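Taking it in order: structure first as C-alpha cells, then the write-up.
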Amino acid sequence: MNIRSPRLGLLSLALTAALVSGCGPKTAQPSLITDTSTQQQVDLNERANQLFEQIFNERVQRNPVLQTSLGIKDDYDKWQDLSDDAFAAELAMTRQHLTLLEAIDSQALDPQTRLSYQLMHKQLNDTLEDAKWRLYNYPVNQMFGIHSQVPSVLINQHKISDVNDAKAYIARLNAVPLLFQQLQQHLTAQADAGIIVPQFVFAHLRSASENIIQGAPFDEQADSTLLADFSGKVAQLSLSEVEQKLLVDEARVALLTSVGPAYRQLLQYFSELEQRAGTDDGVWRFPDGDAYYQNRLTRMTTTDFTAEEIHQLGLDEVARIHTEMQAIMQQVGFSGTLAAFFEYMRDAPQFYYPETAEGRAAYLRDATAIIDHMRTRLDELFLVKPQAEMIVQAVEPFREQSAGKAFYQRPSMDGTRPGVYYANLYRMSDMPKYQMEALAYHEGIPGHHMQLAIAQELEGIPKFRRFGSVTAYIEGWGLYSELLPKEIGLYQDPYANFGRLAMELWRAARLVVDTGLHAKKWTREEAIQYLVDNTPNPATDASKAIERYIVMPGQATAYTVGMVKILQLRAHAQASLGEHFDIRAFHQVILENGAVPLDTLAQLVDAYIARTKPAN
C-alpha cells in the first residue's frame, strides 16, 4: 500500500484517503437523542452520517494535495500548509469534531452507523493523542518527502484538461519556495528537539532533489522532468501552437525563478542539517523514544503488543518459514544447506530478467499476464469484484533509485485513473522471477487493488470508511493475498512457491529487525546482516529495507501481524461453522466494511459466525 505520502500536521483520518467526490461539507447539528422510536432512530442515523461526511469533507478541504489525489480541483493551484498555525487549526478542528460526535447517543444508532461512530471516535481520539508526537517523524527521507512530493503530485496526479489546469500547475511551481520554507522551519524545530534523520539519508535527499533541477531550463540538456511533463500535457490540449508556447514559456520562467532557487536553497539546508545528524538509527535515541515507538506499534498493528512480543513473533515465524523452505529445497533436488540454497537463488542467472529495455518490458508483460489469469479465478474466492481497472507500470525514472521495489496507487473514483501496480525495474537483479507471482498478487489482484477498489466502491457507509487506511488491515490483506492463490492451485512452479515463502519470510523478518533497531538498539549494520543471513534477498535489498524501517518505525510490523490475525479469524470461522463455512462469504465479511482495526475485524467475524451458524 501506499507508504509514500508525507505528512507534517496531524495524521488525520482523511489524509491517508485516496478518493472522494467533490461535494462540499454537509452541515449537521447533532444533539443528544435517547428516544429510540423508529422515526427518531432513522433521523439520528441520518444526522450521524451527515456528521461523518462533514468531518471527512472538512479535512479534505484543508489539504490541497489530498484534494488532487482525490480528483478534486478546488485548490488545484496550492500546496498543503505546513505551518504551526495550520497544525493548531487542524487540532482545534479535531477537538470540535469530537465534541459534535460525542453529542450523539451512540447506543441509539443502528449497528452499521454505530460501527461508523466507534471508528470515527477512535480516529479522532488517536489524532488528538498523537499530536504530542508531531515532531517525531521524518518529513523528508529516502522513501518519500515534501522534496519528492512536488514532482510526484504534479506528474502523477495533476491532470491538465484545460488552460485553467495548466495555470494551476504553473501556480504550484511558483508556490514551491513557500512550501520549502515551511518545511525548513519544521525541520529546524525537529532538530532543536533532538530529532534529525540519520546521516545516511542525506545522500538520498541530495540525489532526489538534484534530479528535479537537471535538464532544461536549468541547463542545456534535454527537458527536465517537470518541463517535459508540463509540455507533454499541454500538447494534448486543443490550443494553437502560440497558446501552447505561451503556457510552456510561463512554466519555464516558474521553473527558473521559483523551483530552481527553492531546490538549491533546500539542498544547502540539507548540507547544514547533515552536520547535526548522527549515526544512531533507532528512535530509542529520541526524548521519550520508547514511548513513541510503542505508540507507533500500537497504531500500525492496532494491537497492544509490546516490542518484545512482536520481536518473538517474528523469530517464531522466521523459524516456521525456514522449515517450509527446506521442504521445497528437497523437492527441487538441491543438496546443501538452506544458506547455500539462498545463495543459489540470489545468483543463478535463470531467475532474473536481463538488465535491458527488453528485460523490463518482459517483466511488465509477464506480471500483467499473472494478474489477468488471477482475474479468471476470482469467482472461486469472492462474491464481489472491483469495477475499477488496474494496470501494471514501471516506477518512473525520477524516483526509481530511491523508491521501494513495488507499490500500489488507488484508482480514482470517477474512473479516469486506474489502479496502478508500480514495479521498480531500476535494477532487474532486485526483481527475481520467482517472486514475481507473489508480488503481483500482493500489489494487484487479489491484494491491494481488490481490497482498496472494493472499499471505495462500497455503498451505504460513510466516505471516511470507504477511503480510510488501517495499515495492519490493508497490508495484512496484501500478505494474505499472496497465500490465497496457492490454496486454489496456483504457484505450480516450486520456485514460485519458494518466492512466495521468501516474501512471507521477508515480512516476518521485519518484525525482528524493526524491533531490533528501535527497541533493542541494534545498529543499521546488525539489522542488515540479520536479513542477509536469514532471507534469500540480496544485500542491496537488505540495505534498502533496513533504511526504510529506520525512517518508518513500526510500519513494517503491520504486515505479518495483520496476516496472522486474518488467518486466525478464518480458522476460527471454519472450526465454528464446519460444513457451513464458505470462503467467499468469509472474504465478503473481511472486505465489506472498509479498513478496520484488527479487534473490530474480529467482532465482525464473530457476528458473521453467529448469524451463519445453524440453530441447535
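Throughout, read-outs are computed from the coordinates displayed, never taken from laboratory work. These figures come from a predicted structure and were not determined experimentally. Cβ atoms come from the backbone with ideal geometry, glycine included; neighbour counts cover every protein chain shown.
What label, among (1) 18, 44, 27, 10, 1; (2) 18, 46, 31, 6, 0; (3) 18, 54, 26, 2, 0, belongs to P(r) over Cα pairs in 20 Å bins from 0, in percent computed from the structure on display?
Given (1) 18, 44, 27, 10, 1; (2) 18, 46, 31, 6, 0; (3) 18, 54, 26, 2, 0, the structure-derived one carries the label (3).
Under the rule of at least 5 residues apart or a separate chain, name every residue whose amide H is placed under 5 Å from the amide H of Ile391.
Answer set, sorted by chain and number: Gly419, Val420, Tyr421.
Which residues' amide hydrogens lie under 5 Å from the amide hydrogen of Asp223, considering only partners 5 or more residues apart or on another chain, with H built in the peptide plane?
Residues meeting the amide H criterion: Ala216.
Roughly how big is region 423-544's charge dipole about its Cα centre, with Cβ charges of +1 (Lys, Arg) and -1 (Asp, Glu), in debye to the nearest 20? Provide the component values of the computation, followed by the final result.
Working: 13 positive and 15 negative charges, 70 e Å.
Computed about the Cα centre, the dipole is about 340 debye.
Could you go through region 537-551 in sequence order and give the Karplus-derived ³J(HN,Hα) for each residue, using 6.51 cos²θ - 1.76 cosθ + 1.60 with θ = phi - 60°, rounded to whole Hz, and x for Gly and Pro?
Result, rounded to whole Hz: 5, x, 4, 5, 4, 4, 5, 5, 5, 5, 5, 5, 5, 5, 8.
In terms of modelled amide H atoms, which long-range or inter-chain residues lie less than 5 Å from the amide H of Gly444?
Sorted by chain and number, the residues that satisfy this are His449.
Of Ile461, Leu439, Pro614, whose Cα points farthest to the positive end of the dipole of the chain (charges on the beta-carbon: +1 Lys, Arg; -1 Asp, Glu; origin at the Cα centre)?
About the Cα centre, the residue reaching furthest to the positive side is Pro614.
Out of Val551, Gln588, Met563, whose Cα points farthest toward the positive end of the dipole of region 529-590 (charges: +1 Lys, Arg; -1 Asp, Glu; placed on Cβ)?
Gln588
Run the Debye formula on the Cα coordinates of region 419-494, all scatterers equal and no solvent, and tell me log10 I(q)/I(0) at q = 0.16, 0.23, 0.25 1/Å.
Debye intensities relative to I(0), on a log10 scale: -0.67, -1.07, -1.16.
Work out the length of the dipole vector of the chain about its Cα centre, built from +1 on the beta-carbon of each Lys and Arg and -1 on the beta-carbon of each Asp and Glu, and round it to the nearest 20 debye.
Details: 55 positive and 75 negative charges, 39 e Å.
Once rounded to the nearest 20, the dipole reads 180 debye.
Using the basic label-point model (7 angstrom from Cα toward the beta carbon), what is the Ala571 to Lys613 distance in nanometres?
The modelled label-to-label distance comes out at 1.8 nm.
Find which of Met374, Ala394, Tyr408 sits farthest along the positive direction of the dipole of region 371-410, computed with +1 on the beta-carbon of Lys and Arg, -1 on that of Asp and Glu, about the Cα centre.
The one lying farthest along the dipole's positive direction is Tyr408.
Setting aside same-chain residues fewer than 8 positions from Lys78, which aspartates and glutamates have a Cα under 13 Å from its Cα?
Candidates past the 8-residue exclusion: Asp165.
Using only alpha carbon pairs under 8 Å that are at least six residues apart, calculate the relative contact order of region 294-559 and give it in whole percent. Spell out each step's value before the answer.
Working: 369 pairs, mean separation 68.7, N = 266.
With pairs under 8 Å counted, the relative contact order is 26 percent.
Rounded, prolate or oblate, given the Cα gyration tensor of region 169-230, with a/c below 1.5 counting as rounded? Each step should come with its number before you reach the end.
Numbers: a/c = 3.94, a/b = 1.70, b/c = 2.32.
It is oblate, given that a/c is not under 1.5 and a/b is not larger than b/c.
Modelled label-to-label distance, Thr356 and Gln275, 7 Å Cα→beta-carbon offset: nm?
Taking the two extended label points, one gets 5.0 nm.
To two decimal places, what compactness ratio does region 392-442 give when its Cα radius of gyration is scaled by 2.2 N^0.38 Å?
Working: Rg = 11.9 Å, N = 51, 2.2 N^0.38 = 9.8 Å.
Dividing the Cα Rg of region 392-442 by 2.2 N^0.38 Å gives 1.22.
Kindly provide the helix-only [θ] at 222 nm of the chain, computed as the sum of -39,500 (n - 2.57) over DSSP H runs of four or more divided by all residues, to the nearest 500 deg cm²/dmol?
On the way: 25 runs with 359 residues, N = 616.
So the calculated ellipticity at 222 nm is -19000 deg cm²/dmol.
Need the list of lysines near Lys521 for cross-linking: C-alpha distance under 23 angstrom, and skip anything on the same chain fewer than eight residues off.
Those lysines meeting the cut-off are Lys544.
Could you pull out the pairs from Lys167/Lys385; Lys73/Lys565; Lys73/Lys245; Lys132/Lys520; Lys385/Lys463 whose alpha carbons sit more than 31 Å apart here? Provide the component values of the computation, followed by the final result.
Numbers: Lys167/Lys385 39 Å; Lys73/Lys565 39 Å; Lys73/Lys245 24 Å; Lys132/Lys520 24 Å; Lys385/Lys463 19 Å.
Pairs exceeding the cut-off: Lys167/Lys385; Lys73/Lys565.
Using a simple charge model, +1 on the beta-carbon of Lys and Arg, -1 on the beta-carbon of Asp and Glu, nothing else, what dipole does region 294-559 show about its Cα centre, in debye to the nearest 20? Don't skip to the answer; put the middle values down first.
Values: 27 positive and 34 negative charges, 125 e Å.
That gives a dipole near 600 debye.
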